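Report on the following structure.
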Amino acid sequence: MADWATDPAYWRYQHVGPIDEAGVRRFIGEAVSSQSDESRRLFDFAVCLRDTAELIGTVRVAIVEPMHREAMLGYGFSKTHWGQGYGLEAVQKVLPFTFVALGVHRLTAVCDQDNEASYKLVQKLGFTLEGRLRGHRRVLGTGDDHNPVYSDSLIFGMLSDELI
Ligand SMILES: CC(C)(COP(=O)(O)OP(=O)(O)OC[C@H]1O[C@@H](n2cnc3c(N)ncnc32)[C@H](O)[C@@H]1OP(=O)(O)O)[C@@H](O)C(=O)NCCC(=O)NCCS
């Protein structure tokens, strides 16, 4: 995972990161330890190639408001595998688990306004664009120094009865 999750391109439109190898270890540690949480809120999926078992991405469902059965969706894939349909396939597989097994009522996805691959992915899956949060998150800038700049976020949502 450290081979691709430490790549600044991976973090270009995300509001955290880039992370180093220690950060990747912390992420995996959290994903593993949350499995035994009594009131589990984090569900991380490792996405692997069928033939080689190579880890190419992760999908996260995080329950943010248990009382309202609301969860947040997150995902990221190795740059060498972008644009080949893996993101779409993996997130699609996680939706029935989220709404049926976990009983989530509302799943929210927050995408930077310029993260076209990310917002197209959720739109293709049937999420609804619900709004724009202006100057919502600091993302890495395009300048040589990559100084963070404030950017708008697009908010997408899917409700349990909208699962196709
Ligand atoms: C966002 C991300 C997960 C998309 O995964 P992916 O596997 O490349 O996406 P897919 O190949 O499944 O493509 C899904 C749809 O997005 C669109 N898309 C993909 N890459 C695109 C790009 N670079 N520009 C514009 N649209 C793009 C396509 O419309 C595609 O649908 P299609 O079947 O019509 O071609 C991937 O780019 C990534 O890991 N980015 C870095 C991490 C990140 O930004 N995560 C999201 C944080 S909100």
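The values are calculated or read from the model by the stated rules, or taken from the named source; none is laboratory data. Predicted model only: the values in this text are computed from it and were never measured. For neighbour counting, all protein chains shown are included, and Cβ atoms are generated from backbone atoms with ideal geometry for every residue, glycine included.
Brief remarks follow.
The rows are residues; the columns are (1) surrounded by fewer than 16 Cβ atoms within 10 Å (Cβ to Cβ); (2) in contact with a Lys or Arg (Cβ under 9 Å, 6 or more places away or on another chain).
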site: P96; (1), (2): yes, no
site: G143; (1), (2): yes, no
site: P148; (1), (2): yes, yes
site: F156; (1), (2): no, no
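- In region 99-151, residue nearest to the ligand (Cβ to nearest atom) [restricted to those that are farther than 24 Å from S78 by Cβ and of a type in the set (F, W, Y)]: Y150
- Unmet criterion (only one of (1) surrounded by fewer than 15 Cβ atoms within 10 Å (Cβ to Cβ); (2) touching a strand residue (DSSP E or B) at 6+ places or on another chain (Cβ under 7 Å); (3) basic (K, R); (4) farther than 22 Å from T6 by Cβ) for K124: (2)
- Each residue in region 20-50 was checked for being over 17 Å from the mean Cα position of the chain (by Cα) and of a type in the set (K, R), and 3 pass.
- Among the criteria (1) modelled with pLDDT of 95 or more; (2) within 11 Å of the ligand (Cβ to nearest atom); (3) exposed (fewer than 15 other Cβ atoms within 10 Å of the Cβ); (4) not β-branched (V, I, T), the one G29 does not fulfil is (2).
- Matching residues in region 67-83 - criterion: being within 19 Å of F27 (Cα to Cα), touching a residue at least 60 places away in the same chain (Cβ under 8 Å) and more than 6 Å from the ligand (Cβ to nearest atom): S78, K79
- Close pairs from region 84-98: first near the ligand (Cβ under 6 Å from one of its atoms), partner assigned to a helix (DSSP H, G or I) and not small (G, A, S), Cβ under 7 Å, at least 6 apart: G87/L121; L88/L121; L88/K124
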